[in-house]
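Taken together, the values in this text are just the output of simple stated rules run on the coordinates, not laboratory data. Keep in mind the model is a prediction, meaning the values are calculated, not measured. Virtual Cβ from ideal backbone geometry, glycine too; neighbours counted across all protein chains shown.
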Amino acid sequence: MRNATKTTFVPIFQQAMALGTRCHQLAMYVVFESPLQMLADSPSNYMREPEAMEFLSPIPSVWDDTRALDGKISEYVRCCTGEPATSGMLAP
């Protein structure tokens, strides 16, 4: 999968492309609560990146507690969710 910026992101049907980095996408699993999380790619591509799967495996799809640790509107957000606590940070 190729990473892209806002200016270089275009639909390419021959090669998967993602807006942002893999770390950004992993942080979205912590910052945004969604009972329907999904990985949009071929499963074999995730088998090539075991670190990402080791990070995602223990993260629950829903949780009871979200704590804002730091943030500035339109700049960044850092929060902590769930038990055991998992921390994530997003910035544009």
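Some notes on this structure:
- Phi angles of the range 53-66 translate, via the Karplus equation with coefficients 6.51, -1.76, 1.60 and θ = phi - 60°, into HN-Hα couplings of 5, 5, 6, 6, 3, x, 6, x, 7, 9, 8, 8, 9, 10 Hz per residue; Gly and Pro are given as x.
- A simple packing score, the average count of other Cβ atoms within 10 Å per residue, orders the peptides 74-87, 54-67, 21-34 as 21-34, 74-87, 54-67, with the highest score first.
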